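Trainee: Would you mind keeping the following structure in view while I ask a few things?
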Amino acid sequence: MSMYDPMSPDFPFTIGIEEEYQVVDPETRELRSYITQILDRGQTILREQIKPEMHQSIVEVGTNPCRTVAEARAEVLKLRGTIASLAAVHNLKIVAAGTHPISSWMNQEITPFERYKGVVEEMQQLALQLLIFGMHVHVGMPNDEVAIELMNVARYILPHLLALSSSSPFWMGRNTGFKSYRASIFSNFPRTGIPPSFHSASEFQNYINLLISTRSIDNGKKIWWDLRPHPVFGTLEFRVCDIATKVDECIALAAIMQAFIVKFYRMFEQNTTFRVYRRALINENKWRAQRYGLDGKLIDFGKRTEVEAKALVHEMVAFVDDVVDELGSRKDVEYLLTMCEQGSSADRQLRVFKDTNDLKAVVDNLIAETMESVPVVDLAHHGM
């Protein structure tokens, strides 16, 4: 057994997935402020796996740490099914997309908790505008030093992951022309975007300590980069993605992140390395990813040339070929190629809109895709 075997007791590279769902009224297709009603009941069933977000129309869930993507898939299916059943009690539906096609942030209620009052107090209108829905994937780390080394190299693939996950082409009833408008909205917040590189874990810690001692932040969770060492869980947390609409997409993205981390780690062990690129260059690719998604070109900095984003996805899948069998995730990683053929959620939303000229049809399609392959959860089982 090696540390690359998910069943090995010392396998460090576990994964956890957090998803933020929209709560939608199937009649009006608008967002509904609703989380306070489902929290009590939801917490009886899911305990700490369900959390409120700042806006009442957002419900956040998180899996337990999983060793394999198969385990993660079972958890995501259970969480989506449970939240959908809790919403159904109030005749509501859930949607997984980075922005809501129609609803406006101006009509949303804020969850009445102290910590959100603090955020709104500090961020003002930016906080109210933050009506966006992401997916965060945590990958376990052997130690803090490795977390920083892996963050430095894994920053390169963040734009590729964003293009694949893009699911937010609409904002307040308008076609934004972006595949991930969520990324643009979030970039208004401080300490977001592609992280800088660090020479060591202590250099990173000094940065956090300086921000805390100058009262810029009160804890490390206020670092909202697209990839960050998590201050509590000891994970590397990928935060770049729009929430994936289909469960298959969610799991494919988590699978490639885990595979990349294991591959990079193996390269370090063999003394081969992956170049650490400057933030300014990676930002060029991120801009292309949020604007054009999978239809655009990204820059291959090694070759110093533009390459079709879809071709780069094929390269990504090939790059991790030697680790996916051990991780048991070959099929899930290869689903990224299907995503290239079918387009991202953003591409599909735009197709529905082009065919129907109706944003309500876009919402209906999102409701259907969000629940694709999700089994209905019987709440009666939980003594509800």
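Trainee: Magnitude of the Cβ-charge dipole of segment 201-294, K/R +1 and D/E -1, about the Cα centre, nearest 20 debye? Mind dumping the intermediate values first?
Mentor: On the way: 14 positive and 9 negative charges, 55 e Å.
Using Cβ point charges on Lys, Arg, Asp and Glu, segment 201-294 gives about 260 debye.
Trainee: Rank 289, 338, 58 by how far each Cα sits towards the positive end of the charge dipole of the chain (+1 on Lys, Arg Cβ; -1 on Asp, Glu Cβ) and give me just the farthest.
Mentor: Looking along the dipole axis, the top candidate is 289.
Trainee: Within the accessible area of the chain, what % is carbon and sulfur when the probe is 1.4 Å and the other protein chains stay in place?
Mentor: Carbon and sulfur: 50 percent of the exposed surface of the chain.
Trainee: Something else: Hey, got the dipole for the chain? About the Cα centre, +1 on K and R Cβ, -1 on D and E Cβ, debye to the nearest 20? Show your work: numbers first, answer last.
Mentor: Numbers: 41 positive and 49 negative charges, 192 e Å.
Charge dipole, the chain, about its Cα centre: 920 debye, nearest 20.
Trainee: With every protein chain kept in place and ligands, DNA and RNA left out, what is the accessible area per residue of segment 180-276? Probe 1.4 Å, answer in Å². Don't skip to the end; give the middle numbers.
Mentor: Numbers: 3800 Å² over 97 residues.
Value returned for segment 180-276: 39 Å² of accessible area per residue.
Trainee: Here's a follow-up. Excluding residues fewer than 8 places away in the same chain, name every one of the lysines whose C-alpha is closer than 16 Å to that of residue 286.
Mentor: Straight-line reach from residue 286, under 16 Å: 179, 297, 310.
Trainee: To the nearest 20 debye, what charge dipole does segment 1-145 have about its Cα centre, counting +1 at the Cβ of each Lys and Arg and -1 at the Cβ of each Asp and Glu? Could you put the intermediate results ahead of the total?
Mentor: Details: 12 positive and 20 negative charges, 110 e Å.
My answer is approximately 540 debye.
Trainee: What's the ranking of 268-276, 155-163 by average number of surrounding C-beta atoms within 10 Å, highest first? Can you show the working numbers first?
Mentor: Values: 268-276: 10.8, 155-163: 24.8.
Descending packing order for the listed peptides: 155-163, 268-276.
Trainee: Can you figure out the FRET efficiency of residue 109 with residue 216, using R₀ = 30 Å and their beta-carbon distance, to the nearest 0.05? It would help to have the intermediate numbers written out before the result.
Mentor: Working: r = 29 Å, r/R0 = 0.96.
Computed FRET efficiency for residue 109 and residue 216: 0.55.
Trainee: Which of rounded, prolate or oblate describes segment 339-384 when judged by the alpha-carbon gyration tensor and an a/c cut-off of 1.5? Walk me through the numbers on the way to the answer.
Mentor: Working: a/c = 5.26, a/b = 2.13, b/c = 2.47.
Taking the square roots of the gyration eigenvalues as a ≥ b ≥ c, segment 339-384 is oblate.
Trainee: Can you show me the helix-derived [θ] at 222 nm for the chain, built from DSSP H runs with n ≥ 4 at -39,500 (n - 2.57) apiece and divided by the number of residues, rounded to the nearest 500. All intermediate terms of the calculation are to be shown ahead of the outcome.
Mentor: Values: 15 runs with 174 residues, N = 384.
Counting only the DSSP helices, I get -14000 deg cm²/dmol.
Trainee: If a/c stays under 1.5 just call it rounded; otherwise compare a/b with b/c (prolate if a/b is bigger, oblate if not). Do that for segment 190-250, with a ≥ b ≥ c from the square roots of the Cα gyration tensor eigenvalues. Present the calculation step by step, with values, prior to reporting the outcome.
Mentor: On the way: a/c = 2.43, a/b = 2.03, b/c = 1.20.
It is prolate, given that a/c is not under 1.5 and a/b is the larger ratio.
Trainee: Turning to a different aspect of this structure: Given a 1.4 Å probe and the protein chains all in place, what does the accessible area of residue 30 round to, in Å² to the nearest 10?
Mentor: About 70 Å², ignoring ligands and nucleic acids.
The values are calculated or read from the model by the stated rules, or taken from the named source; none is laboratory data. Keep in mind that this is a model prediction, so the values were computed, not measured. Please note: Cβ atoms are built from the backbone with ideal geometry, for glycine as well, and neighbour counts cover all protein chains shown. Accessible surface is based on the protein model in full, side chains and every heavy atom, while ligands, DNA and RNA are left aside. Shrake-Rupley method; radii C 1.70, N 1.55, O 1.52, S 1.80 Å.
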